[in-house]
Amino acid sequence: MTNPVLIEAKNVEKRYPNGVLGLKTASLAVKAGEVVVIVGPSGSGKSTLLRTFNGLEAITAGEIVVDGHGLHERGADLRALRQRVGMVFQQFNLFPHLTVLENLTLAPRKVLKLSESEAVERALALLKKVGLSDKAERYPSQLSGGQQQRVAIARALAMQPAVILFDEPTSALDPEMVGEVLEVMRQLATEGMTMCVVTHEMGFARAVANRVIFMDAGEILCEDPPAAFFDAPKHERLRSFLRQVL
Amino acid sequence: MSNTTTRWLWHALAVALLAALGTGLYIASKRIDYTWRWERIPQYLISTEGEDLKAPFDGFIVVSEDGKQLSMTAMRGSETHDFTGFSRILSNNGDLVFEGDVVAKTDQVGPGPLLVGLWLTLKISALSLVFALLLGLVFGLGRVSKNPAARDLAAFYVEVIRGTPLLVQIFIVYFFIGTVLQLSAFAAGVVALAVFTGAYVAEIVRAGIEAVPKRQTEAAQSVGLSGAQTMMYVILPQATRRILPPLAGQSINLIKDSSLVSVMALTDLTKAGREVVSSTFSPFEVWFTVALMYLLLTGVLSVAVRRLEKRYASQD
């Protein structure tokens with residue numbers, strides 16, 4: 001691929017104040033238009049790695065460059081970076097005191113300085129895209145988990161980011177709601193959105209990912225296109241992991 | 001027996017116990033040879049005393065036949081003066097009066113000393129509350145600030161104020177700061193109460209902010225909001241709902257604490273009560289009345305806040 005690299009992480013290390021190593025020498029590059037899925041057992045550091053990409057998690061060594069912004073640099077302009085990197089959380093994290101529409105228009109208005117009408121127009125288009133046009137005036141607590149997560153995706157999209165990070169977007173959902181969220185993500189992938197996804201949904205990884213990454217104990221152990229990753233796993237630890245989850 | 005019936009029986013028991021307590025107090029008061037004079041209290045709530053009309057110079061009173069006109073002529077010279085607006089004439093036709101003597105009274109119904117005191121209590125509490133909220137917000141934000149200097153200053157303020165008695169603070173403000181800055185007693189009272197209550201409000205604000213899940217901050221930051229915007233549009237609106245109930249309690253405390261400003265030359269409800277006691281010698285009736293008036297004030301406030309809470313809760 002000749003697409004530019006959007007996320008470049010080199011030898012990233014995260015050591016917690018208590019000395020525990022959360023990430024050790026993790027390196028990863030994500031190109032524009034790519035869908036990269038990160039899998040691994042819980043506690044393997046996959047969410048931590050993802051959260052370093054928008055500076056929610058500070059790193060202790062190595063370097064991260066996202067869309068031209070050096071995150072490891074002193075005084076890195078995190079705000080400018082976060083406007084370009086969307087994030088979808090496991091717990092949705094919608095703003096409970098705002099309506100769905102206000103959730104979507106808050107940042108575009110306050111950060112991008114869009115006018116009210118521009119922001120609303122953009123928000124309504126996105127709600128239509130995630131199939132929730134009729135919920136604009138509802139509060140998050142009036143929606144199901146799946147609907148809330150679709151709103152959260154729309155909220156991230158409203159900033160028109162270069163890449164969206166998904167941190168276990170379906171893990172907090174009832175099983176019957178997982179499909180609707182994955183469907184929206186799949187649609188985004190087909191439209192060429194750059195995505196970095198931490199998930200336990202192996203079916204989604206196999207069908208949508210360009211590359212799948214396996215992490216264990218804070219390390220990236222292997223990285224392959226889905227066919228090779230699932231059908232001919234190279235690493236012993238990955239083989240035993242796949243035996244357990246598939 | 002149904003559940004509701006049982007509940008009403010328990011309520012009835014509570015009422016009966018309170019009634020028994022009241023009767024006990026009544027019987028006890030009978031034994032100490034105290035004459036209750038409740039009839040004296042109303043005049044200190046509503047005053048019908050009216051204003052004095054005084055003679056402007058030495059002279060003789062002239063009252064018309066029908067008693068509807070009152071005037072006087074000077075002792076020396078031909079000066080005359082007509083009195084208007086009087087309702088009671090305290091002198092007779094032909095009386096010799098001297099300058100400054102009260103010759104009649106107007107018939108004005110006005111607030112008595114207790115109501116005047118209540119008004120001052122209300123005014124000083126309301127004004128102090130406004131400043132206390134401002135101080136509390138500023139120092140509460142200081143407590144959770146990323147800046148160590150802001151955190152230190154806020155912690156210092158809260159610890160110093162919460163660690164010293166309000167009465168001592170009032171003396172310091174009145175005698176020291178009030179003298180240095182030439183504050184009136186009222187201003188000194190507002191300063192003392194606002195600074196005192198502000199420290200508690202700061203802790204309430206801090207607790208409210210910290211109770212908002214950290215995930216909300218992360219979500220706000222991940223869409224690019226700045227720290228100030230996150231606080232303003234995401235954290236504070238959610239914290240407000242949690243802050244409201246303890247804030248109501250603190251406001252009620254403020255009203256009650258305001259009784260301590262009576263040690264300065266301020267005639268608030270408590271000081272008015274003390275003055276009325278010294279002129280009636282009916283301490284029991286007066287203090288019960290004063291307590292009831294405070295209760296009325298705090299009761300209205302807590303009902304108002306409960307309404308507000310309900311409105312906030314309906315957003316969930």
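Rule-based calculations on the coordinates, nothing more; no lab input. This is a predicted model, so every value here is computed, not measured. Cβ placement follows ideal geometry from the backbone for every residue including glycine, while neighbour counts extend to all protein chains displayed.
What ranking, highest mean first, results for peptides B:89-100, A:163-174 when packing means the other Cβ atoms within 10 Å averaged over each residue? Could the numbers behind the result be given before it?
Numbers: B:89-100: 13.3, A:163-174: 21.3.
Per-residue Cβ counts within 10 Å, averaged per peptide and sorted highest first, yield A:163-174, B:89-100.
By a straight-distance test (C-alpha under 17 Å), which aspartates and glutamates pair with B:K30 as possible cross-link partners, with residues fewer than eight away in the same chain excluded?
B:E285
Using Cα positions and a limit of under 20 Å, work out the aspartates and glutamates in reach of B:K105, with same-chain residues fewer than 8 apart set aside.
Partners found: B:E49, B:E51, B:D52, B:D58, B:E65, B:D66, B:D82, B:D95.
Add -39500 (n - 2.57) for each DSSP H run of 4 or more in chain B, then divide by its residues: what number comes out at 222 nm, to the nearest 500 deg cm²/dmol? It would help to have the intermediate numbers written out before the result.
Values: 10 runs with 186 residues, N = 316.
About -20000 deg cm²/dmol.
In region A:44-129, which trypsin sites (Lys or Arg not before Pro) are in a loop and have at most 15 other Cβ atoms within 10 Å, using DSSP for the loop call?
A:R74, A:K113
Per-residue ellipticity at 222 nm for chain A, helices alone: DSSP H runs ≥ 4 residues times -39500 (n - 2.57), over residue total, nearest 500 deg cm²/dmol? Provide the component values of the computation, followed by the final result.
Details: 9 runs with 89 residues, N = 246.
-10500 deg cm²/dmol, from helical runs alone.
Quote the charge dipole size of chain B about the Cα centre in Debye, to the nearest 20; the model charges only the Cβ of Lys and Arg (+1) and of Asp and Glu (-1). Walk me through the numbers before you get to the answer.
Values: 27 positive and 25 negative charges, 414 e Å.
With Lys and Arg at +1 and Asp and Glu at -1, about 1980 debye.
Would you be so kind as to identify which of A:N103, A:A189, A:G75 lies farthest towards the positive end of the dipole of chain A, taking Lys and Arg as +1 and Asp and Glu as -1 on Cβ and the Cα centre as origin?
Most positive-ward Cα: A:G75.
Of the GluC sites (Glu not before Pro) in region A:138-246, which ones lie in a loop per DSSP and count no more than 10 other C-beta atoms within 10 Å? Can you show the working numbers first?
Values: sites: A:E176, A:E180, A:E183, A:E191, A:E201, A:E219, A:E223, A:E236; in loops: A:E191, A:E201.
Answer by residue number: A:E191.
Averaged over its residues, how many other protein chain Cβ atoms are within 10 Å of peptide B:209-219's Cβ atoms? Don't jump to the answer; show the numbers that get you there.
Working: counts 0, 0, 0, 1, 3, 1, 5, 5, 2, 9, 14.
Partner Cβ neighbours, averaged per residue: 4.
For peptide A:102-108, what's the mean number of Cβ atoms from other chains within 10 Å of each residue's Cβ?
Numbers: counts 1, 2, 1, 0, 6, 8, 2.
Mean shielding count: 3.
Excluding residues fewer than 8 places away in the same chain, name every one of the aspartates and glutamates whose C-alpha is closer than 18 Å to that of B:K123.
The qualifying aspartates and glutamates are B:D257, B:D268.
Taking every Cα atom in region B:91-203, find the radius of gyration and the maximum pairwise distance Dmax, and write them in Å.
For region B:91-203, the Cα-based Rg and Dmax read 22.9, 84 Å.
Please list 3J(HN,Hα) in residue order for region A:7-18, calculated via the Karplus relation 6.51 cos²θ - 1.76 cosθ + 1.60 where θ = phi - 60°; whole Hz, with x for glycine and proline.
10, 10, 10, 10, 6, 6, 10, 10, 10, 6, x, 7
Quick check: residue separation of A:E118 and A:N210 times 0.36 nm, minus the Cα distance between them. What number comes out in nm?
Details: separation 92, 0.36 × 92 = 33.12 nm, distance 3.42 nm.
Net length gain for the segment: 29.7 nm.
What is the spin-label model distance, in nm, from B:R311 to B:L181 if the labels are put 7 Å beyond Cα along the C-beta direction?
The modelled label-to-label distance comes out at 3.2 nm.
Would you mind estimating how fast the protein assembly as shown diffuses translationally, via Stokes-Einstein at 37 °C and 0.692 mPa s with the Kirkwood radius over Cα pairs, in µm²/s?
Values: Rh = 30.4 Å.
Calculated translational D: 108 µm²/s.
About its Cα centre, what dipole magnitude does region B:113-262 give when the only charges are +1 on Lys and Arg Cβ and -1 on Asp and Glu Cβ, stated in debye to the nearest 20? Could you put the intermediate results ahead of the total?
Values: 11 positive and 6 negative charges, 59 e Å.
Roughly 280 debye for region B:113-262.
With both partners inside chain A, how many of the DSSP beta bridges are antiparallel, as a percent to the nearest 5? Mind showing how you got there, number by number?
Details: 19 of 36 bridges.
DSSP beta bridges in chain A are roughly 55 percent antiparallel.
Measure up A:K110/A:K135; B:K146/B:K256; A:K128/B:K214 against 24 Å on the Cα-Cα distance and list the ones that go over.
Numbers: A:K110/A:K135 22 Å; B:K146/B:K256 35 Å; A:K128/B:K214 30 Å.
Pairs exceeding the cut-off: B:K146/B:K256; A:K128/B:K214.
Magnitude of the Cβ-charge dipole of region B:53-189, K/R +1 and D/E -1, about the Cα centre, nearest 20 debye? Don't skip to the end; give the middle numbers.
Working: 10 positive and 11 negative charges, 229 e Å.
That gives region B:53-189 a dipole magnitude of about 1100 debye.
With a cap of 11 neighbouring Cβ atoms within 10 Å, and only residues DSSP puts in a loop, list the trypsin sites (Lys or Arg not before Pro) found in region B:70-140. Mind showing how you got there, number by number?
Values: sites: B:R76, B:R88, B:K105, B:K123; in loops: B:R76.
When the trypsin sites (Lys or Arg not before Pro) of region B:70-140 are filtered for loop state and at most 11 Cβ neighbours within 10 Å, B:R76 remain.
Projecting each Cα onto the charge dipole of chain A (Lys/Arg +1, Asp/Glu -1 at the beta carbon, about the Cα centre), which of A:V178, A:T52, A:P233 comes out farthest on the positive side?
A:T52
Which percent of Cα pairs goes in each bin when the distances of region A:46-156 are cut into 5 angstrom slices starting at zero?
Calculated P(r), rounded to whole percents: 2, 12, 20, 19, 16, 14, 10, 5, 2, 0.
Return the percentage of antiparallel bridges among DSSP beta bridges fully within the protein assembly as shown, rounded to the nearest 5 %.
Details: 38 of 55 bridges.
Here the share of antiparallel DSSP bridges comes out near 70 percent.
Past 22 Å, Cα to Cα, is the threshold; run A:K31/A:K129; A:K24/A:K234; A:K14/A:K46 against it and keep the listed order.
Working: A:K31/A:K129 25 Å; A:K24/A:K234 20 Å; A:K14/A:K46 12 Å.
In this structure, A:K31/A:K129 lie more than 22 Å apart at Cα.
Using Cα centres only, tell me the gap between region A:7-79 and region B:1-48 in whole Å.
Value for the Cα centre distance between the two parts: 71 Å.
Which whole number gives the average, over all residues in B:222-235, of C-beta atoms from other chains lying within 10 Å of the residue C-beta? Kindly include the intermediate steps, with their values, before the conclusion.
Working: counts 19, 19, 17, 7, 4, 1, 0, 5, 1, 0, 1, 8, 5, 1.
For peptide B:222-235, the averaged partner shielding equals 6.
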